[in-house]
Structure formats: structure tokens, C-alpha cells
Amino acid sequence: MKIDELKIISNTNKSLFGKTLMELSQIVNELSLPAFTARQIADWLYKKNVSSIVEMTNLSSKTRTLLSENYNIGISEPLEVQISKDGTKKYLFSVEKDKYVESAYIPDHNQKSKIKNNDRATLCISSQVGCRMGCSFCLTAQQKMQGNLTTTDILNQFRSLPEHNELSNIVFMGMGEPFDNNIELMKSLEILTANWGYSWAPKRITVSTIGILPAIRSFMENSRCHIAVSLHHPDPIERSKLVPVEKKYPIKQVIELLKSFDLNKQRRISFEYVMLAGINDSLQHANDTVRLLSGLRCRVNLIGYHAGRDTMHRVSTFKPSTDQVMQQFADALNRKGIITTIRRSRGMDIEAACGMLSTKKIKYNNVKSGTNSINL
């Protein structure tokens, strides 16, 4: 199965929300409406955040009636939210009958400032239900692949978030491989960054990928958003055991492709590295990583492994590296000029941390110790 041939699981073709300006222009043309109506609709959808067509008051009554007969807005509220002790919130969204995705809201309050606008808040968005990349340490992969999300369902996680107006950053690091759903991803990025859309600066958005070469090239040519590549091991044979896509798209080729672009300070390239005890966390692994990334302006984010249970409730056999080992690894890379940070884990108590998103529990009937589960 090729990229973008996966089934689009949500029937949102009649939704106006999630349509690009070009798509809105096509709709307007099909309904024999004035061409400028498309930009008016985009303004109501992405600037004024209306929840119904009737609210589009600068459109004539006839136009609103015609739109309502053929389309809906397409916004849906989250079903549930789990709240972590550290303030992280995990939202559950329905995208089709018996199919769900999760997204994580991660506030990072600036304790030194009382000005709210100085606080960072990140939304981790999902792009697929499940994932077919098969990474051996990822709980989402255990859910298997169930389908691609539409642009409507991707951006609904952003638009319907109660904390929507508090966000400073968006990361496509939730369920699924974003570049395995490249058409819908790129439309989502266009709507988020276009002047007729949400007008977000591209530097506020990061897309994570396991390393799908054709989609990376398209992304680098058509977007200025940041990119984060999942590395996890510098040796190709050992990496393929953790990340099977290495066999098709070797990480060395991914790095060479990134080097071929004229990179500037407006775009950040980073590599994600989950630290697994005894597997990829030695100083030799650190030195090999330095050699692999030599010549590429980038940074590395070290991520603590978050053990959990798969869909069969089996406990993972992987073990997390110790804090001391992670710091030694980071120090080794920093000494060689590669900016390396250790990412602070958030939302572990509600399984919202990196690699833990999975909708194996559709209804959170049992409240875990120290967490809250709320039906919205």
C-alpha cells in the first residue's frame, strides 16, 4: 500500500471546516456563488471560529441557506479528558463509529513571569488512527493501522480544544505517522499557516516523522515548519529492529536529503532519540550518533522510555535508561557541538507521554490514582 492510499476513515466530505481556500473556491463555484464568497467563508471558519453557517452574517440569507442544505461546519467536541498531576490533559475524540484518537495538551507555565502570554502551551496532534510503522517500543503501533484522518479531523483536535486560545506551539507527534498521511497533513499545515487561515508562524509547528523520504522532500519544498526525525539508533541494522522502516528508507539517506536543502535559522531540524537501557544508550552509541549527524545543523532530543501495556495488556520488555546514563549521553553530544537536550516527560500517569498514546481504553471508567477523568 502506497502513501495516501490508506482509507480515509471519517466521512467529512460535507464539512466546510478543514477545507483549503482552493477547496472552498471549488465549492463556491459548484454552488454558483460569487468567487469572493470563498474567502468570506474561510474568514468565518478560521478567523472568527464560528460553529454554524447561520453565524456567517455577511453572507446573504439565500447563500447561507444554500450552504446549509449542502454542507455543515464539521466541528465536534472531545468526548473525554484525563488530567495529569502535572497539568497535562489528554483528550479523546471520536472520528467514526468505534474509532477514536487522542491528543495531548501540555502546558508549560513560566514560573518567573506572571504574564500569561509568556507561558508556553503545546498541543500534540494525531494524524492517524493507530499506525502501521511498527516501531517495537511504541504503544500506538500496537494498536495497528485503522485509517488516515481527514484534514477536518486533524484540525478539529486544535479547533475544539478548550484551551485553543492558550496554545503557543503545535507538534504533530501524536498517534500515527504524519507523512504516511501526507496529503491531509499538508492541507492542515496550509490552513494553520496561510494568511486566510489561522496565520500561525511556521516556526510554531513541528512535524515528526520516522523518515519517509518522498514525503520529507515534499515537506521541505512546500513548508517552512520544523521537522523532527525519529532516530533511536545510529546503526542501520540495529535501528531496523526498532524502526522497521529503516529497511525501506535508511536514516543515512534521510540525513543526506536534509543536507541538500539550504537550511536557515527559520527552520529547525531535530532528531528524537528514545533511550533504551542496554540497547542504544552507551557512549559508543553517542559517538556513532555524532558521526552520523556530522555536517548537518541540527539538535537532538533525548526521550526517556515510557513503559506501558499493549492492547493485550502485556508489559513491555524494554527498560528506560537511567537519568545518569541519559545525562552522560547528552554531554557526549554537546561536547561535539550537537545541541542536545533531555526532554522532560509529561503526562505519564495518564499515558499521554511520548509513544504512549493509544485508544485501547475507549472509556475511562476507572479513575487512576492521582488523575481525573471527565466526561465532556
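Summary table below
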quantity	calculated
Condition check for PHE137: within 29 Å of ARG297 (Cα to Cα) and either touching a Ser or Thr at 6+ places or on another chain (Cβ under 6 Å) or outside the structural domain of ALA286 (by TED's automatic domain parsing) (or both)	no
Strands (runs of 3 or more DSSP E) wholly inside region 263-376 containing at least 2 residues that are touching a Ser or Thr at 6+ places or on another chain (Cβ under 9 Å), modelled with pLDDT of 85 or more and surrounded by 15 or more Cβ atoms within 10 Å (Cβ to Cβ)	269-275, 299-304
Residues of region 187-219 classified as surrounded by fewer than 23 Cβ atoms within 10 Å (Cβ to Cβ) and closer than 22 Å to GLN253 by Cα, total	9
Pairs, first surrounded by 16 or more Cβ atoms within 10 Å (Cβ to Cβ) in region 232-243, second of a type in the set (Gly, Ala, Ser) and assigned to a loop (DSSP other than H, G, I, E, B), C-beta under 9 Å, six or more apart	LEU242/SER136; VAL243/GLY134; VAL243/SER136; VAL243/GLY211
Any hit, region 46-57, residues being surrounded by 17 or more Cβ atoms within 10 Å (Cβ to Cβ) and within 17 Å of LEU123 (Cβ to Cβ)	yes
Index of the failed condition, ILE115 passing every other in (1) more than 23 Å from ARG343 (Cα to Cα); (2) over 13 Å from the mean Cα position of the chain (by Cα); (3) at pLDDT 80 or above	(3)
Checking SER94 against (1) under 24 Å from the mean Cα position of the chain (by Cα); (2) in contact (Cβ under 8 Å) with a residue 24 or more places away in the chain, the condition it does not meet	(2)
Residues that are charged (D, E, K, R) and over 22 Å from LEU192 (Cα atoms), drawn from region 18-54	GLU30
Some residue of region 221-231 being under 24 Å from ASP281 (Cβ atoms) and without any contact (Cβ under 8 Å) to a residue 12 or more places away in the chain	no
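The values are calculated or read from the model by the stated rules, or taken from the named source; none is laboratory data. As the structure is a prediction and not an experimental result, all values here were calculated from the model. Methodologically, a virtual Cβ is constructed for each residue, glycine included, from the backbone with ideal geometry; neighbour enumeration extends over all protein chains shown.
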